[in-house]
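In what follows, a structure is listed as structure tokens, so that the remarks can point back to it.
What follows draws every value from the coordinates through simple rules; no lab data is involved. Predicted model, so just to flag it, every value in this text is computed and none were measured. Positions of Cβ are generated from backbone atoms using ideal geometry, with glycine treated the same way; all protein chains shown enter the neighbour counts.
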Amino acid sequence: MAELAPQELRVLVAVAAAGGFSAAAAELGISQSAVSHSVRGSEAKVGAVLFERGRSGASPTPAGERAVALGRRILRLYEVLGAEARAAGRAAPGQQEPAGVLRVAAFRSAALHLLPPALERLTARHPGVRPEVRVVREVGAGVAGEVAAGRADLGIATLGGPGEAATAGLPPGLLAGDLAVEAYSLVHPAGHPDPRALPLLDWDENCGSYTRAWWRSQDWIPAATVKAEDDAMVLTMVGRGLGMAIMPELSLREATEAVEIAALGPERPVRRVGYVTTPESAETLVVRALIRELRADKV
């Protein structure tokens with residue numbers, strides 16, 4: 001099979017991002033016919049249809065989604081190649097200085113509480129590193145999906161349950177490592193005499209097979225009456241006396257005096273939080289440096 005050239009990969013990525021050939025052409029500064037010709041050539045080389053064409057634009061087929069994801073990752077390696085080659089050229093052997101853009105994805109509470117101290121140390125030690133952080137909802141493909149799709153070099157994500165491999169449930173081919181194990185607690189309005197009688201407040205990202213299995217075994221936990229979009233909203237609603245919630249430690253770092261936190265006992269559920277990256281990104285100086293800083297705070 002003929003190999004795809006970097007410019008062909010850029011066209012595939014642009015079409016997927018823009019949702020059509022015309023928009024991709026405008027973004028790339030080339031003609032629509034050039035985009036169409038490039039995509040047809042890539043499909044011939046790959047031996048699969050990569051985009052469904054229609055009046056509303058173009059959307060990747062399953063083969064196209066995989067090609068675009070790998071294309072982003074390959075193009076990212078071209079960028080890193082330049083940064084790391086320059087670093088190697090300026091330094092003595094083994095003394096290369098991490099530099100360049102570092103793309104990080106994380107769910108909200110991890111972005112608030114785990115990332116800042118690690119990034120602060122990282123940029124103090126390596127001023128040439130320029131972090132770009134995106135907060136990603138941990139639903140659907142979530143943070144790990146951003147890494148697999150080539151939109152992030154490293155993600156801070158929720159991992160599998162206790163006793164499972166760190167990569168359990170992640171897209172194939174990713175690498176992962178633990179950073180924290182958080183216990184869940186009951187949070188309720190301060191001073192409430194019977195918090196377990198309150199309605200349950202929940203949020204979309206508060207999921208995990210281990211946690212849900214534990215919840216189902218607890219006959220005192222009612223069905224959720226409110227499903228919020230994030231944990232901060234749930235915490236605010238609990239403080240307003242609208243119900244109780246079951247939340248992990250990172251989320252509860254923002255708790256105010258309006259709420260109280262109660263232990264759920266020795267069999268309480270836990271949430272594993274860790275880093276996720278690709279094999280190729282794991283070998284880069286910037287990702288290795290960030291992992292070292294994240295592990296320095298491991299709890």
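Suppose we keep just the DSSP beta bridges with both residues in segment 166-299; what percent of those would be antiparallel, to 5?
On the way: 16 of 21 bridges.
Just about 75 percent of them are antiparallel.
Would you mind computing, in nm to one decimal, how far apart the modelled labels at Tyr78 and Lys227 are, each placed 7 Å from Cα along Cα→Cβ?
4.2 nm
What FRET efficiency comes out for Val49 versus Glu164 if R0 is 45 angstrom and r is the Cβ-Cβ distance? Round to the nearest 0.05. Each step should come with its number before you reach the end.
On the way: r = 36 Å, r/R0 = 0.81.
Efficiency, from the Cβ-Cβ distance: 0.80.
Mind giving me the FRET efficiency for Asp297 and Ile261? R0 is 22 Å, r the Cβ-Cβ distance, nearest 0.05 is fine. Don't jump to the answer; show the numbers that get you there.
On the way: r = 22 Å, r/R0 = 0.98.
That gives a FRET efficiency of 0.55.
Of the residues Gln32, Gln96, Gln218, which exhibits the maximal mean-square fluctuation in a Gaussian network model of the chain defined by a 10 Å Cα contact cut-off?
Gln218
Net charge around Ile221, counting only other residues with Cβ within less than 15 Å of its Cβ (Lys, Arg = +1; Asp, Glu = -1)?
Values: positive: Arg196, Arg212, Arg216, Lys227, Arg268; negative: Asp194, Asp202, Asp219, Glu267.
Surrounding charge for Ile221 is +1.
Could you tell me how far the Cα centroid of segment 235-299 sits from the Cα centroid of segment 53-121, in Å?
Segment 53-121 and segment 235-299 have Cα centres separated by 23 Å.
GNM on the chain, C-alpha springs below 10 Å: top fluctuator among Arg90, Arg240, Arg288?
Looking only at Arg90, Arg240, Arg288, the biggest GNM fluctuation is shown by Arg90.
With Rg and Dmax of the Cα atoms in Å as the read-out, I listed (i) 20.5, 61; (ii) 22.7, 71; (iii) 22.2, 75; which label goes with the value calculated from this structure?
(ii)
For segment 130-215, what is the convex hull volume of its Cα atoms per residue in Å³? If you can, show how the numbers build up before the last one.
Working: hull volume 12.2 nm³, N = 86.
Dividing the Cα hull volume of segment 130-215 by its residue count gives 142 Å³.
Quick check on segment 1-129: what does the Kirkwood estimate of hydrodynamic radius come out to from the alpha carbon pairs, in Å? Could the numbers behind the result be given before it?
Working: mean 1/r = 0.0583 Å⁻¹.
This gives a value of 17.2 Å.
How big is the antiparallel share of DSSP beta bridges in the chain, given as a percent to the nearest 5?
On the way: 25 of 40 bridges.
Counting DSSP beta bridges with both partners in the chain, the antiparallel share is about 60 percent.
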